[in-house]
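For reference, the structure discussed in these notes is given below.
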Amino acid sequence: MGKGLLPDDHPLAASAARSLAIGKCDVAIVIGARLNWPLHFGEELKWSKDVKFVLVDVSKEEIELRKPFLGLVGDGKEVLEVLNKEIKDDPFCLGSTHPWVEAISSKVKDNGVKMEAQLAKDVVPFNFLTPMRIIRDAISEFGGSPAPVVVSEGANTMDVGRSVLVQKEPRTRLDAGTWGTMGVGLGYCIAAAVAYPDRLVVAVEGDSGYGFSATEVETLVRYQLPVVVIVFNNGGVYGGDRRSAEEKHGPHKEDPAPTSFVPNAGYHTMMEAFGGKGYLVGTPDELKSALSESFSARKPAVINVTIDPYAGSESGRMQHKN
């Protein structure tokens, strides 16, 4: 969860060029993170063949599990303080004109241009990119300090959010973490709101992730926590019911895929049932209005964003097995 420690818009931030960075690096210092699924477990298919990992972790067992070139057991902050003292008198810096730094910077710029071209389109019915861009811009326009805490949970929703939502301050983002656990989002929201009562908390949730802990909206209302929950409702874990016409009227017509949900579910009405504010949106203007109103109110709210049920992609290309 080290995202934001180096702002995403920093000249040396390499998130937008991660494939190049991890595929060509000689040494990788992993701190504030672990060699788990977002980092491809440090395996050769994604990482350079001879990369040397330096792992900083409070868990000796985690370091032993990954068998790095070098393991440093300890709290990240304290380890960095020691390292900073050691290099203070002999600083090492490639410089902004070094070929490696220039290659990363060039790739970041190129990928950023490509991403912004996709984000600039107002696609209706919504895909994942259009509403994510609107949310990103709304958080940015909300401005001020301290920055909102962003909770990200879901399948496609979390994947897209990792690329689009911008973090500029440390400890302002929470997601499914090492184990990719779904259902933690609303609990994260409550904890963040209690720990940082002066911050707005914005949760960007897939409908499946939201469903695991949705009734925690009652807790949000009971304690009047400043949490806005945005649900990407595409009707299923990866999308809605995608059966063919023959399948929908054939012998298994009463047996939809286990990954698809009731179409057009009114998730916002759950918040309304407990006395909070609910919004149902399906256009850019509706979403912008709901975000502006809910952010300003700093009261419990759920924004139910209708997404094209065909917009998502399924992990592992397993649709044929559902």
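Of the residues Ala17, Ala28, Ala13, which single one is touching a residue at least 24 places away in the same chain (Cβ under 8 Å) and closer than 21 Å to Thr178 by Cα?
Details: Ala17 fails: closer than 21 Å to Thr178 by Cα; Ala13 fails: closer than 21 Å to Thr178 by Cα.
One residue alone meets the criteria, Ala28.
Only one of (1) out of contact with any Lys or Arg (no Cβ under 9 Å at 6 or more places or on another chain); (2) modelled with pLDDT of 90 or more; (3) aliphatic (A, V, I, L, M) is not met by Val302, so which one is it?
Tallying (1) out of contact with any Lys or Arg (no Cβ under 9 Å at 6 or more places or on another chain); (2) modelled with pLDDT of 90 or more; (3) aliphatic (A, V, I, L, M), Val302 fails exactly one: (1).
From Tyr310, Tyr279, grab the single residue that is modelled with pLDDT of 95 or more and either out of contact with any Phe, Trp or Tyr (no Cβ under 7 Å at 6 or more places or on another chain) or outside any helix (DSSP H, G or I) (or both). Talk me through it step by step, then tell me what you get.
Numbers: Tyr310 fails: modelled with pLDDT of 95 or more.
Just one listed residue meets the conditions, Tyr279.
Give the residue that is modelled with the highest pLDDT, with candidates limited to residues of segment 126-158 that are acidic (Asp, Glu) and over 18 Å from Tyr188 (Cα atoms). Explain how you work it out, then say what you get.
If we filter segment 126-158 for residues that are acidic (Asp, Glu), which is where we start, we get 137, 141, 153.
Right, trim to over 18 Å from Tyr188 (Cα atoms) and you get 137, 141.
Numbers: Asp137: 97, Glu141: 93.
Selected residue: Asp137.
Restricting to segment 34-63, what's the tally of residues that are part of a helix (DSSP H, G or I) and surrounded by 13 or more Cβ atoms within 10 Å (Cβ to Cβ)?
Of the residues in segment 34-63, the ones part of a helix (DSSP H, G or I) are 37-42, 60-63.
Narrowing the set further to residues that are surrounded by 13 or more Cβ atoms within 10 Å (Cβ to Cβ) leaves 38-42, 62-63.
Final tally of qualifying residues: 7.
Of all residues in segment 143-158, which are closer than 17 Å to Asp9 by Cα and surrounded by 15 or more Cβ atoms within 10 Å (Cβ to Cβ)?
Those that are closer than 17 Å to Asp9 by Cα and surrounded by 15 or more Cβ atoms within 10 Å (Cβ to Cβ): Ala147, Pro148, Val150.
From Gly209, Gly161, Gly235, Gly180, which residue is at positive phi, assigned by TED's automatic domain parsing to the domain that holds Pro263 and buried (at least 19 other Cβ atoms within 10 Å of the Cβ)? Quick ask: steps written out before the conclusion?
Working: Gly209 fails: at positive phi; Gly161 fails: at positive phi; Gly180 fails: buried (at least 19 other Cβ atoms within 10 Å of the Cβ).
None of the other options fit; the residue is Gly235.
Just checking, which of Ala120, Ala103, Ala28 is touching a Phe, Trp or Tyr at 6+ places or on another chain (Cβ under 6 Å) and closer than 28 Å to Val160 by Cβ? Steps first, please.
Numbers: Ala120 fails: touching a Phe, Trp or Tyr at 6+ places or on another chain (Cβ under 6 Å); Ala103 fails: touching a Phe, Trp or Tyr at 6+ places or on another chain (Cβ under 6 Å).
After applying the criteria, what remains is Ala28.
Go through (1) within 18 Å of Pro7 (Cβ to Cβ); (2) assigned to a helix (DSSP H, G or I) and name the single condition Pro131 misses.
(1) is the only condition that Pro131 fails.
Here's a check for you: in segment 167-178, which residue that is part of a loop (DSSP other than H, G, I, E, B) and out of contact with any Lys or Arg (no Cβ under 6 Å at 6 or more places or on another chain) is modelled with the lowest pLDDT?
Going residue by residue through segment 167-178, those that are part of a loop (DSSP other than H, G, I, E, B) are 167-172, 175-178.
Okay, now just the ones that are also out of contact with any Lys or Arg (no Cβ under 6 Å at 6 or more places or on another chain), so 168-172, 175-177.
On the way: Lys168: 91, Glu169: 92, Pro170: 90, Arg171: 90, Thr172: 94, Asp175: 91, Ala176: 87, Gly177: 81.
In this case the residue turns out to be Gly177.
The values are calculated or read from the model by the stated rules, or taken from the named source; none is laboratory data. All values reported here derive from a predicted model rather than from experimental measurement. Reconstructed Cβ throughout: ideal geometry from the backbone, glycine too, with neighbour counts over all protein chains shown.
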